[in-house]
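For reference, the structure discussed in these notes is given below.
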Amino acid sequence: MNSAYREDIDWLRAIAVLAVVAFHFEAPAVFGGFVGVDIFFVISGYLITGIIQSEVQGGTFSFARFYERRARRLLPALYVMVALTAIPSLHYLLSSERLEFFRSVAAVVTFTSNFFFWLQSGYFDHAAVEKPLLHTWSLAVEEQFYLALPVVLWVMLRFVRIGRIPLAVALGAMALVSFALCLWLMHTERSANAFFMSPPRAWEFLIGGLVATPGLPVLRNARAQQIARGIALVLLAIPIFSLRPGPGFPGVNALLPCIGAAVFIWSGIGVATQIRSPIRTTA
C-alpha cells in the first residue's frame, strides 16, 4: 500500500540522529543530545498508530504482515551491527568480559536488552562506556511497544468501534497513566526503572499516537504551520543544549523533547505530500 512521504519527518529523524551522535562524541554544548531517543519514540508512535489505523479501517490489517515488516526493517541492520561488534570482542576482551558481552548479545537478539542493562549500571554511569551494546535498550523498548500497541488498537478499532474523539481520549488516558508511573518511579528514586522499562516510557510513543488520531485540528495556513514548526524547534533545542545527563531523566525533563517532536509532526500534517514507497514512512 502506498502512503504519503513526509519529508519533514525525515528532517526530524535527522535532528534526533545528530543530537544522539553529538552527545556520544561529546560535542561542545550538546549536553542533552540523548533526548534524540525520545524524539524517535514519538515518531514511531505517530507512524505505527497511523499505519495500524489505516489498515484496520481499510480491512487490510494483518498481525503477521505487520511483524514481518518490522522484522525486515530492523533485523538485518541489527544482526550486522551485532556481528561487527562481536568480531573484535574475540580479540580485545578478556574471558570474563567476553562472557558478559555475549550475554548482552543474547539479550539484544531477544529484544530484552533494556532488562539486561537495567539490572546493571545506569545509562549515565561511568561503567556504561564499557558496554558496547548499551544503546540497544531503546530498540528493545520500541519492540516491546510494538507487541502491545497493535493489539490495543486492533481491539479498539475493530471490536469496540469507538469514535474518533474516544480513540484520542483512550490514547491520552493511557499516556497519562504511563507518565504518572514514570513520575512515581522518579519520585521514589527508581530513575533506572523509569529510564529502561517500557511501561513508564509508553507515554512518549502515545504522544505520537495522539497526533495520528483522526479529528485532530489541522493547520491549513502556511504562516501558522511555520509558527508551529518554529515553536517545535525551540522546544527541541532547549533540552538538546541545556539538559545534563543524570538520574533526573526521563520524568518531567522528557516532556519538552516529546512535545516538541509532536508539534513538529503536527505542523506538517496539512502540508501537501508526495506518494512514495511505504518503506520511507514505516517506523
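The values are calculated or read from the model by the stated rules, or taken from the named source; none is laboratory data. Computed from a prediction, not measured in an experiment: that's the story for all the values here. Please note: Cβ atoms are built from the backbone with ideal geometry, for glycine as well, and neighbour counts cover all protein chains shown.
Looking at this structure, is residue 219 surrounded by 14 or more Cβ atoms within 10 Å (Cβ to Cβ), over 13 Å from the mean Cα position of the chain (by Cα) and in a loop (DSSP other than H, G, I, E, B)? Working first, answer last.
Details: surrounded by 14 or more Cβ atoms within 10 Å (Cβ to Cβ): yes; over 13 Å from the mean Cα position of the chain (by Cα): yes; in a loop (DSSP other than H, G, I, E, B): yes.
Considered against the rule, which asks whether it is surrounded by 14 or more Cβ atoms within 10 Å (Cβ to Cβ), over 13 Å from the mean Cα position of the chain (by Cα) and in a loop (DSSP other than H, G, I, E, B), residue 219 comes out as yes.
Go over the candidates 237, 254, 272, 283 one by one and state the one that is modelled with pLDDT under 85 and either of a type in the set (Phe, Trp, Tyr) or closer than 13 Å to residue 39 by Cβ (or both).
Numbers: 237 fails: modelled with pLDDT under 85; 254 fails: modelled with pLDDT under 85; 272 fails: either of a type in the set (Phe, Trp, Tyr) or closer than 13 Å to residue 39 by Cβ (or both).
Just a single option satisfies the conditions, and that option is 283.
Write out, first by first residue and then by second, each pair whose Cβ atoms fall under 8 Å of each other, whose residues are 6+ apart or on separate chains, and whose first residue, in segment 1-21, is closer than 18 Å to residue 54 by Cα and modelled with pLDDT of 95 or more while the second is assigned to a helix (DSSP H, G or I) and aromatic (Phe, Trp, Tyr).
none
Please specify each residue of segment 230-249 satisfying the condition of being assigned to a helix (DSSP H, G or I) and surrounded by 19 or more Cβ atoms within 10 Å (Cβ to Cβ).
Result: 232, 235, 236, 239, 240.
Condition test on residue 35, is it aliphatic (A, V, I, L, M), outside any helix (DSSP H, G or I), within 30 Å of residue 269 (Cβ to Cβ) and in contact (Cβ under 8 Å) with a residue 60 or more places away in the chain? Show your work before the answer.
On the way: aliphatic (A, V, I, L, M): yes; outside any helix (DSSP H, G or I): no; within 30 Å of residue 269 (Cβ to Cβ): yes; in contact (Cβ under 8 Å) with a residue 60 or more places away in the chain: yes.
Spelling it out, it is not the case that residue 35 is aliphatic (A, V, I, L, M), outside any helix (DSSP H, G or I), within 30 Å of residue 269 (Cβ to Cβ) and in contact (Cβ under 8 Å) with a residue 60 or more places away in the chain.
Okay, residues lined up against (1) within 25 Å of residue 147 (Cβ to Cβ); (2) at pLDDT 95 or above; (3) in contact with a helix residue (DSSP H, G or I) (Cβ under 6 Å, 6 or more places away or on another chain):
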site: 167; (1), (2), (3): yes, no, no
site: 176; (1), (2), (3): yes, yes, no
site: 191; (1), (2), (3): yes, no, no
site: 196; (1), (2), (3): yes, no, yes
site: 205; (1), (2), (3): yes, yes, yes
site: 209; (1), (2), (3): yes, no, yes
site: 268; (1), (2), (3): no, no, yes
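Do we find a residue being touching a strand residue (DSSP E or B) at 6+ places or on another chain (Cβ under 9 Å) and among the polar types (S, T, N, Q) anywhere in segment 36-44?
Of the residues in segment 36-44, the ones touching a strand residue (DSSP E or B) at 6+ places or on another chain (Cβ under 9 Å) are none.
No: zero hits.
Looking at segment 16-32 only, could you name the residues that are part of a helix (DSSP H, G or I) and surrounded by fewer than 22 Cβ atoms within 10 Å (Cβ to Cβ)?
Filtering segment 16-32 down to residues part of a helix (DSSP H, G or I) leaves 16-24.
Result: 17, 18, 20, 21, 22, 23, 24.
Counting only residues that are surrounded by 11 or more Cβ atoms within 10 Å (Cβ to Cβ) and either within 30 Å of residue 213 (Cα to Cα) or of a type in the set (Gly, Ala, Ser) (or both), how many does segment 72-104 have?
Qualifying residue count, segment 72-104: 7.
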